[in-house]
Amino acid sequence: MYDIIVFSHLRWDFVYQRPQHLLSRLARGRRVVFVEEPVRTDGAARIEASFPCPGVTVLRPHSPLQSHGFADDQLAVIAPLLSAWCGSNPLLQPVVWFYTPMALPLLDVVPAQRVVYDCMDELSAFDFAPPELLDREAALLARADLVLTGGPSLFEAKKARHSNVHCFPSAVDVAHFAPAPAPSRVGDAERRVAEPIGSPRLGFFGVIDERLDIGLIASLAAADANWQIVMVGPVVKIDPASLPRLPNVHWLGQQAYD
């Protein structure tokens with residue numbers, strides 16, 4: 001038996017996507033410790049633990065530093081916090097699982113038996129990507145025992161860089177999304193969101209960021225004024241003012257899954 005400790009650039013309580021799909025299942029047979037990027041605090045550095053589902057412990061570092069993500073100065077704060085937590089909560093033959101190469105130096109804190117790199121996005125292509133990301137990814141690929149990719153294009157990009165790369169495409173978590181909301185579970189707020197919007201409705205559900213083709217959304221809406229373009233999801237890393245504001249485009253933000 002072994003435990004899994006995960007370093008992620010995504011928060012567990014953000015949208016429910018690949019990390020939650022996979023790790024909630026792996027947690028059925030072993031302990032999963034999910035380490036998030038730090039959040040800013042005015043007090044002393046500390047680590048907060050929560051337990052969102054059976055078998056999963058989420059560790060959220062709180063840091064007084066201003067820098068974002070797993071920046072080097074943040075790593076210097078996180079490492080002793082994580083070391084102390086692991087000292088009080090020993091990990092059994094830990095597999096260290098990375099969603100971001102930026103956390104690679106924290107490998108010094110955990111006695112890894114195996115290292116997994118689950119590449120769900122080409123993070124270097126994102127806006128504001130750290131300049132050291134590519135070098136750190138190369139170091140992670142050199143250290144990893146197993147590399148997974150979230151789709152075929154990522155597989156093609158990584159397959160020549162490691163001897164044990166597998167295409168493991170992201171998908172829809174049927175068990176999570178299948179239950180239809182009973183009338184008693186749908187409140188007035190949800191009804192107000194849906195009822196004023198006519199039909200036919202063309203929907204998008206997901207994170208709205210720089211990867212979205214904003215021009216395509218505007219063109220689609222302009223093609224037929226009767227089409228109602230319903231965009232559901234948080235807007236991150238882009239200016240909300242850049243989104244097309246047309247009568248038949250509806251930006252609903254992040255909604256409860258019910």
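At a glance:
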{"read-out": "If the convex hull is drawn through the Cα atoms of region 89-155, its volume per residue in Å³", "value": "98 Å³"}
{"read-out": "Rounded accessible area of Cys53 (nearest 10 Å², 1.4 Å probe)", "value": "40 Å²"}
{"read-out": "Residues of the chain: accessible area per residue with a 1.4 Å probe, Å²", "value": "52 Å²"}
{"read-out": "Sequence of Phe177, Phe7 when ordered by accessible area, the most exposed leading, probe 1.4 angstrom", "value": "Phe177, Phe7"}
{"read-out": "Karplus (6.51, -1.76, 1.60) ³J(HN,Hα), θ = phi - 60°, over region 165-175, in Hz, Gly and Pro reported as x", "value": "9, 10, 7, 10, x, 5, 7, 8, 7, 4, 4"}
{"read-out": "Difference of contour (0.36 nm per residue) and Cα-Cα distance, Leu202 to His68", "value": "44.7 nm"}
{"read-out": "Anisotropy class of region 196-258 from Cα gyration tensor, a/c 1.5 cut", "value": "oblate"}
{"read-out": "From the C-alpha gyration tensor of region 29-68, square roots of 5λ in Å", "value": "24, 9, 6"}
{"read-out": "Computed accessible area, Tyr16, all protein chains, 1.4 angstrom probe, square angstrom", "value": "60 Å²"}
{"read-out": "Theoretical FRET efficiency, 1/(1+(r/R0)^6), r = Cβ-Cβ of Ser88 and Ala256, R0 41 Å, to 0.05", "value": "0.75"}
{"read-out": "Cut-off 15 Å (backbone N to label point 7 Å along Cα→Cβ of Gln17), residues of region 235-250", "value": "235-238"}
{"read-out": "The chain, helix-only ellipticity at 222 nm - DSSP H runs n ≥ 4, -39,500 (n - 2.57), divided by all residues, nearest 500", "value": "-7000 deg cm²/dmol"}
{"read-out": "Separation of the Phe126 and Ala76 label points, Cα + 7 Å toward Cβ, nm", "value": "2.4 nm"}
{"read-out": "Per residue convex hull volume, Cα atoms of region 8-84, in Å³", "value": "91 Å³"}
{"read-out": "Antiparallel DSSP beta bridges within the chain, percent to nearest 5", "value": "15 percent"}
{"read-out": "Relative compactness, the chain, computed as alpha-carbon Rg over 2.2 N^0.38 Å", "value": "1.12"}
{"read-out": "Linear extension gain, Leu246 paired with Ala218, 0.36 nm per residue minus alpha-carbon span", "value": "9.3 nm"}
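The values are calculated or read from the model by the stated rules, or taken from the named source; none is laboratory data. Model, not experiment: these values are computed from the prediction. Cβ sites come from the backbone with ideal geometry, for glycine too, and all protein chains shown count toward neighbours. We work out accessible area using only protein heavy atoms, side chains counted, and drop any ligands, DNA or RNA first. Shrake-Rupley method; radii C 1.70, N 1.55, O 1.52, S 1.80 Å.
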